[in-house]
Amino acid sequence: MSANQSAPSRVVPDALTLELYRKMLTVFYVEERMKIFVRQGKCPFHASTRGHEKLQTAMALLLTPGRDWFFSYYRSKALALGLGMPLKDVFLGMLSREGDPNSNGRNMPEQFSSRELRLVAQTACTGTQYLPAVGTARAAKQDAAGSIVYVSSGEGATSEGEFFEALNWAARERLPVLFVVQNNGYAISVPQHEQTASEICHIAKGFSVPSVTVDGTAFDAIYRTVPPIIEGIRRGDGPALVEAFVIRMDPHSSSDDQRKYRSAEELQDVASRDPIASTERYLLDQGLLAATQVESIRADIKAEVDRAADEADAAPPPSTADLLAHIYAPDPLVGGEPMPPRTVSSEPITFIDALNHGLREELQRNPKIVMWGEDIADPKGGVFGVTRGLSSAFPGRVVNSPLAEASIVGVAGGMAIGGYKPIVEIQFADYLWPGFMQMRDEIATVRWRSQGAWNCPVVVRIAVGGYIKGGPWHSACVEGFFAHIPGWYVVFPSSADDAKGLIRTAARAQDPVVFLEHKGLYRRVQAKALEPDADYIVPFGRGRIRREGDDVTIVTWGSTLYLALELARQMESEGRSLEVIDLRSIVPLDEDMIFASVRKTSRVVVAHEDMLTMGFGAEIAARVAQNCFSFLDAPVVRVAARDSFVPAAPNLELAVLPSVQDLRAGVEQVLRF
């Protein structure tokens, strides 16, 4: 009688155990070869999965690549291999060589990506994967696809606030998220007891997320525990968390020496719990493999790994020819010819009504558009009323969010990855900073870091600006910050017709858009305009000459447009002709319009509401000086807010923010030359 026939019934099918063993051995030999590459100076960053490989391989076997989604972290090589990523592709990514399908050298080693496997391109940031994973789960639930979103990190990353926010949102909407925390006891050198006084599984239960603990080095425990959880999530039971206790056999990374903070006795104990060795003993003890078979399997897998490693090592460094490709997609909505508007109103409408109508029309046009933010649902419809009536007209698609800016934008990023078009609202620019990590490190880099495999066409509407007695916490202008982040379009309309045209363009753009709305213009009479029809769009990167002139060019945007127009009217009676350019788009910038005007007038003043130092006006001044120097008859002058926070007292606010008098002083300065 064979060993299989005589053996008692086993929890894990033998064929599955053998598959697990082969995959773990593959991971082992990959890690060993990577250690050689590190010593050779060919890989700058290596984070070994030794001690985590059984858990990660098991999760790959229990879930379905191509159906389920995977948001991993920098210690996830075993997951990528378990899902089916080819060995050569892993090595190409680790060595940053030409042909690397993960990022072609753009991303760091250990950051894997595969559209086919639904393994979403990672970043090296700790904990930022959680909120996008929740967003993709929201898309999966909306599509009723039966997909699960796996998201994982070490236990250290669960100290990040975004982990808590992700648990909250996933539980609140009963989303199909499987949180897997790989607890090896150390966040680099910091032991868990210095991270939290609680336990991660208990933290999850506090958000009403069912959670379990499991020995992540024992496949039978994983196999008994995890499949029923997966079935429940697929059934619609909502999220769950698995805290898996694993071991970290190697240092945190190739830059770490764990002997500085772990005793020899501890490291010896860890080595005795090697998950591969325990599986090998099991296979031998159960008669599933003979010693000679083990040797043969090891030799075959090592040879396969070495072949792939050698092939990847022979590849050249990535080409620099397309270095800036995939920061943005080619998009006909960018830089195209503006169309003349066909108006549908006989009376001018307000800026706020134009935005509302544009959003409504785009919601009708595209069923994949979804919207959320603080207080945006009816009956309030936003603190300024921009979204009033939309949640009633589009129930389930326009909803309130938690008061959590990182959640608002992070979940939007994940839902965009999942195929939707989120348009979300940040109530005040002053409060966006909890979401800045998502906006800078996650959303902006998705297309670039995946070499165009993934995209993230989020629109983030942000209320900005002063002159409203809002004080230091309701008056910020932030265009300069976002202009400094490749990957975002940044637009800043100044009038009702442009607001409608630009929000419609943003709703159709293939890349993320920061849409800045000046609160002081929402109902300002001068910002009113006849309403364009439902087909009107304003291409990004195309400014607008609001007033033609010959003596001085004023380049401006937002509320300072109206300072410029008022000054132009005043100075016309004094015999001076000012040309006023409204940029409309900060990124991309309409350089052609600016340069053509400067070459005509030979004098330029840049006016904006943000602070003078490092405001976007400095960038415009630099580009004008670089490209139009021979045409200039005077220095480029900037007029902006003082380098101060905006005070609450009305007279102090007006003393900080630019005025018509300030702008006149700037224009008179250039006219003296």
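The values are calculated or read from the model by the stated rules, or taken from the named source; none is laboratory data. Nothing here was measured: the structure is a model prediction, and the numbers come from that model. When we count neighbours, we look across all protein chains shown, and the Cβ atoms used for this are built from the backbone with ideal geometry, even at glycine. Keep in mind that these areas ignore ligands, DNA and RNA; they rest on the heavy atoms of the full protein, side chains included. Shrake-Rupley method; radii C 1.70, N 1.55, O 1.52, S 1.80 Å.
Yes/no matrix, rows are residues, columns are (1) open to solvent by 70 Å² or more (accessible area, probe 1.4 Å); (2) within 18 Å of residue 53 (Cβ to Cβ); (3) in a helix (DSSP H, G or I):
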| site | (1), (2), (3) |
| --- | --- |
| 271 | no, yes, yes |
| 279 | no, yes, yes |
| 292 | yes, no, yes |
| 299 | no, no, yes |
| 305 | no, yes, yes |
| 327 | no, no, no |
Evaluate the stretch 330-346: report whether one residue or more is farther than 30 Å from residue 220 by Cβ and among the acidic types (Asp, Glu). yes
In the stretch 177-207, which residue that is more than 24 Å from residue 75 (Cα to Cα) and of a type in the set (A, V, I, L, M, F, W, C) is least open to solvent (accessible area, probe 1.4 Å)? 207
Quick check: anything in the stretch 629-650 within 18 Å of residue 475 (Cβ to Cβ) and part of a helix (DSSP H, G or I)? yes
Within the stretch 163-176, is there a residue that is in a strand (DSSP E or B), open to solvent by less than 10 Å² (accessible area, probe 1.4 Å), in contact (Cβ under 8 Å) with a residue 60 or more places away in the chain and in contact with a strand residue (DSSP E or B) (Cβ under 7 Å, 6 or more places away or on another chain)? no
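So is residue 160 within 21 Å of residue 404 (Cα to Cα) and either at pLDDT 95 or above or out of contact with any strand residue (DSSP E or B) (no Cβ under 6 Å at 6 or more places or on another chain) (or both) or not?
For residue 160, the condition - within 21 Å of residue 404 (Cα to Cα) and either at pLDDT 95 or above or out of contact with any strand residue (DSSP E or B) (no Cβ under 6 Å at 6 or more places or on another chain) (or both) - is met.
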Being open to solvent by less than 20 Å² (accessible area, probe 1.4 Å) and either without any contact (Cβ under 8 Å) to a residue 12 or more places away in the chain or within 17 Å of residue 534 (Cβ to Cβ) (or both) is the filter here, so list the residues in the stretch 357-388 that pass it. 358, 359, 362, 363, 369, 381
Could you check, for the stretch 610-626, whether at least one of its residues is buried (at least 21 other Cβ atoms within 10 Å of the Cβ) and in a strand (DSSP E or B)? yes
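Quick one: which of 307, 298, 262 is farther than 25 Å from residue 42 by Cβ, modelled with pLDDT of 95 or more and of a type outside the set (S, T, N, Q)?
One residue alone meets the criteria, 262.
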Does the stretch 77-123 hold any residues that are at positive phi, open to solvent by 10 Å² or more (accessible area, probe 1.4 Å) and out of contact with any helix residue (DSSP H, G or I) (no Cβ under 6 Å at 6 or more places or on another chain), and which are they? 84, 96, 104, 105, 118
Going by what's in this entry, would residue 401 be described as in contact (Cβ under 8 Å) with a residue 12 or more places away in the chain, out of contact with any helix residue (DSSP H, G or I) (no Cβ under 9 Å at 6 or more places or on another chain) and not acidic (Asp, Glu)? no
Which numbered condition in (1) crowded, with 22+ Cβ neighbours inside 10 Å; (2) in contact with a strand residue (DSSP E or B) (Cβ under 9 Å, 6 or more places away or on another chain) is the only one that residue 126 fails? (1)
Per the filter on the stretch 344-395, residues more than 26 Å from the chain's Cα centre (by Cα) and basic (Lys, Arg) are 380, 388
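Could you tell me how many of the residues in the stretch 389-416 are on the phi < 0 side of the Ramachandran plot and open to solvent by 10 Å² or more (accessible area, probe 1.4 Å)? Before the answer, list the steps.
Of the stretch 389-416, the ones on the phi < 0 side of the Ramachandran plot are 390-395, 397-416.
From what is left, the residues that are open to solvent by 10 Å² or more (accessible area, probe 1.4 Å) are 391-395, 397, 399-405.
So the count comes out to 13.
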Hey, can you tell me all the residues within the stretch 21-44 that are open to solvent by 20 Å² or more (accessible area, probe 1.4 Å) and not in a helix (DSSP H, G or I)? 40, 41, 42, 44
So residue 140 passes all but one of these: (1) part of a loop (DSSP other than H, G, I, E, B); (2) more than 21 Å from residue 211 (Cα to Cα); (3) within 22 Å of the chain's Cα centre (by Cα); (4) of a type outside the set (S, T, N, Q). Which condition number does it fail? (1)
Do the conditions hold for residue 555, that is, is it touching an Asp or Glu at 6+ places or on another chain (Cβ under 6 Å), surrounded by 24 or more Cβ atoms within 10 Å (Cβ to Cβ), at pLDDT 95 or above and not in a helix (DSSP H, G or I)? no
Six or more apart or on different chains, Cβ under 9 Å: which pairs go from a residue in the stretch 484-499 that's without any contact (Cβ under 8 Å) to a residue 12 or more places away in the chain to one that's open to solvent by less than 10 Å² (accessible area, probe 1.4 Å)? Could you list them? none
